[in-house]
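Q: Here it is, the structure, as C-alpha cells.
Where a number appears in this text, it was derived from the coordinates with a stated rule and is not lab data. Note that this is a predicted model, so its numbers are computed, not measured. Here the Cβ positions follow ideal geometry from the backbone for every residue, glycine too, while neighbour counts run over all protein chains shown.
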C-alpha cells in the first residue's frame, strides 16, 4: 500500500472530488464485469437482466471504480492475464483526467478463485480448526498471490452465523457460534490485509437467518438477536481487524432490505463502530430493490435508497449507479452530496492502495500454486478433520483387505467448495481442475501399500442403481474393513448438493447415500464412515452401528491427503465441530445457542438435541482435566476481567491436541439468555504424559447483552464459567459475582478473551 496516512489520503481524496464532474464521480462508484480477455459469462441467475445499459467504452469514458473478477470469470494464464490487466488499467487511467486506476476485486473464499491457484478448505473447515493463527497465515498467503497479479480487494470472509444448516451457503460460513466466527473471521481479515488486499466482510447482516434456510429468503428476528448473534462477528472484524470493506446481505430483515438500511450501514457500521472503509453492494443487489424486493419503483429509486443508506460502490456493473443515478442527480431527486460522500470514501481507499500512483510492471513469472501454499492448504485441512466417533478401529492398523465404497471416494470435485474455480465454473472433469487434487482412493492406496483395496462407488452423490449398491455391498461383505465415503458435490444454484442456491429440505444425505450406508452396515463388516460435505448430515441409527465416523467439511485440494493421514494415524485428529450434527434427518433446525425452552423439554414432543454438539471432536489419545481455578477472585467489577485456568494432561500413549472451550452461563438475567455461549478457546498440543494450563482472561463486557430497553448492559449477579470439551461436555465450572450493573455505549464493548497456554 501507499505511504499516505489515513488523514493524508482522505484530504487528497476530498481535493479530487472537488475537481471532478458528476459523471467522473459516478464513474468511481461502479464496477465493470469483464475478464481480461472475454465476457464474464452466465455466473448467476438474474445476471442477464443486469446489462448496465453501457458499452465498455461508455462505462470507462470517465474512469472506473472497480474491475469485477478479471481472473475469476474464465480460465486465463496468470502471466498473460496480468499483462492484459495492466493494459486495461492503462486504458482506464488514460480515460481519467486524474490518472486513477480501477480497484480490482476477486473472490477468495477458498483461495484466489482463478484457474491454477491453490484451493484451500472451505471456511466451515477453517472454523473446525479452532486455530486463528493458522487462518491468518493462510489468508496472508492467499492475499500475497492476489496482490502479485494486480488484484486489490478480496470478497471474503463470510461472517454469517449459521442458523439453519440446510442453507446451501453453510459451507461458506465459519459456523454456528458468533465468537468463533468473529475470531476466525478477524484472523482472515488481518491475514489478507497484511498482504495488501482489502478484505470484504459479507454478508452484512443476518443473511444466514433466512426463513427455512432458503437462499435470499426473508429474515424475521428482533433487534436483540440481531445485535447479539449476527452483528457481533462483524463488529469484531471491524473494530479489531480494521476490515477495509463490507458487502450487504441480499435479505430483507423484518421487511427492510439491508441494501436500503441506513440504520445498519451508517448508524451501526460507521457511527457506532467507527468503520472508515468502503461499502460495496453484493452483485445486482441494488437493482434487486426494484426487481425482487419491490421497494423501489425504478433503478433511479433503487440508487437513491442504496446511496442514502451508505452503499458506496455498485457491483458487478454500472446498473443503478450509472445513467439512472446521473439522471436522478440532474433532476434533483438525489443530492450530489451523497455522490460526493461515496466518491470520497472510494478515492481515499484508492489513494491508500496506490491506485493514483505509477503502477509497477506486471510480473513475468507467476506460480499460483507454490509449494508453500499447498503446504498451508494441507495443514489447514489436517487440522480441520473431526473424529466424531471411534470404537478403537481408528487409526487403521494395516488391514490387508479393505473395501472403499461411496460416491465421494474417488471424485476430485467433492473436496472443493462452490467458490473454488472448478466447481464454480462446472469444470469437474479431472483434466479441467487446473491443480492436482488427489482423491481419497488415491491417497489411501498410497498410504496403505500393504492393503488390497477394492473400490465400488455405489452410485453418484445424487443417483444410484440397485446394481451399483449391490456391488458396493458385495465388496464390503468380502472385506476385513469397509470405509464408506459419503457427502456432497458442491456447486451453484442447483448444480450441486451444497453451495450457493443449493439449499436442502432436510439433513438427510443426498440421493441414495443413506440407503447405501445402511446396506453396507448390514453386512456386519466393521465400517468407518467418512463424511465429506458442506453441511452436517444426520446419519440416524447408522451412527450407532458404525465403528468410527470422520467428518471433513470440503477440505480443499489437499483434503484427501488430510483424511487419509487421520484414518491411518499419520496425524492426530484435532478438528472440532463448528456446527452441531443433527440426530435425525428430520431434526428441526437448531443450534446450541438457544435458551432453555429451545432445548429438549417436557412441553414439546420434538427433540432438537444434536447427535454431536458444537465443539465436539475426539482424539487418538486420552486427556485428564484438572479442576478449573479462578485467578482473579470470586468477584469482578462490571468493567473488570475474569481470569480462569485449567490444567490438562495427556494420559495416553500418543501425542494429541485438546481444545479447551470456555462457555458463559448467566443463570438469572433481565431478558432470556442462551443456556451458554462460547467466549474463548485454546488449543493444547501435548506429548504423552505432558501437561499444560489453558488460561483465559475474559472481560466482563462479554457478559453484556441487550436489555429490555435496547441498551447493552452488564448486570450485577452471578455468572458461571464452564470449561468444556464441547458445548455438550462440560469438564468443570466456576462462579464469579459481578459487583454492579453497567451500561455500555454501542461500539465500546471489549470483544475478545485473551487465551494463553503455559
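Q: Taking neighbour Cβ counts within 10 Å as the exposure measure, how do 483, 672 sort from fewest upward?
A: Numbers: 483 31, 672 12.
Fewest-to-most Cβ neighbours within 10 Å comes out as 672, 483.
Q: Determine the relative contact order of the chain: mean sequence separation of Cα pairs under 8 Å and six or more apart, normalised by residue count, in whole percent.
A: Values: 1952 pairs, mean separation 98.0, N = 758.
The value is 13 percent.
Q: Between 0 and 90 degrees, rounded to the nearest ten: what's the tilt of helix 466-477 against the longest Cα principal axis of the chain?
A: Rounded to the nearest ten degrees, it is 50.
Q: Let me ask something additional. Given the rule -39500 (n - 2.57) for each run of at least 4 DSSP H residues, summed and divided by the residues of the chain, what is its mean residue ellipticity at 222 nm, to the nearest 500 deg cm²/dmol? Walk me through the numbers on the way to the answer.
A: Values: 19 runs with 197 residues, N = 758.
Mean residue ellipticity, 222 nm, calculated: -7500 deg cm²/dmol.
Q: Normalised by the number of residues in region 623-757, what is the relative contact order in percent for Cα pairs under 8 Å and 6+ residues apart? Before the final figure, lay out the partial values.
A: Values: 348 pairs, mean separation 41.0, N = 135.
Result for region 623-757 is 30 percent.
Q: Please sort 710-716, 179-185 by packing, taking for each peptide the average over its residues of neighbouring beta carbons within 10 angstrom, highest first.
A: Values: 710-716: 17.3, 179-185: 27.4.
The peptides rank, most packed first, as 179-185, 710-716.
Q: Counting other C-beta atoms within 10 Å, which of 385, 532, 668, 437 has the fewest, and how do the rest follow? Before the final figure, lay out the partial values.
A: Numbers: 385 30, 532 26, 668 8, 437 23.
Taking fewest neighbouring Cβ atoms as first place, the list is 668, 437, 532, 385.
Q: Follow-up question, since we're still on this one. Rg and Dmax in Å for region 55-203, alpha carbons only: what are they?
A: Over region 55-203's Cα set, Rg and Dmax evaluate to 16.7, 50 Å.
Q: Quick check: the angle from helix 336-353's long axis to the longest principal axis of the chain, C-alpha only, nearest 10 degrees?
A: 60
Q: Okay, next question. Enter the angle in degrees (range 0 to 90, nearest 10) between the Cα long axis of helix 371-384 and the first principal axis of the Cα atoms of the chain, meaning the one along which they spread out most.
A: Compared with the principal axis, the helix lies near 50 degrees.
Q: Right, something else. Among 374, 489, what is the fewest-to-most ranking by other Cβ atoms within 10 Å?
A: Listed from fewest to most nearby Cβ atoms, that is 374, 489.
Q: Indicate, rounded to the nearest 5 percent, the antiparallel portion of the DSSP beta bridges found entirely in the chain.
A: On the way: 54 of 100 bridges.
Antiparallel bridges make up about 55 percent of those DSSP assigns within the chain.
Q: Moving on. How big is the C-alpha Rg of region 6-353 next to the rule-of-thumb value 2.2 N^0.38 Å, as a ratio? Present the calculation step by step, with values, prior to reporting the outcome.
A: Values: Rg = 18.7 Å, N = 348, 2.2 N^0.38 = 20.3 Å.
For region 6-353, the normalised Cα radius of gyration comes out at 0.92.
Q: Can you tell me, using C-alpha contacts under 8 Å and at least 6 residues apart, the relative contact order of region 393-577 as a whole percent? Mind dumping the intermediate values first?
A: Details: 387 pairs, mean separation 53.6, N = 185.
Computed value for region 393-577: 29 percent relative contact order.
Q: Considering only DSSP beta bridges whose two residues both sit in region 623-757, what percent are antiparallel, to the nearest 5? Present the calculation step by step, with values, prior to reporting the outcome.
A: On the way: 46 of 48 bridges.
Bridges in region 623-757 are about 95 percent antiparallel.
Q: Using the alpha-carbon centroid of each, what span in Å lies between region 708-736 and region 116-157?
A: Computed from Cα coordinates, the inter-centre distance equals 33 Å.
Q: Please report how far the C-alpha centroid of region 230-279 lies from that of region 602-651, rounded to the nearest whole angstrom.
A: Centre-to-centre distance over Cα atoms comes out at 32 Å.
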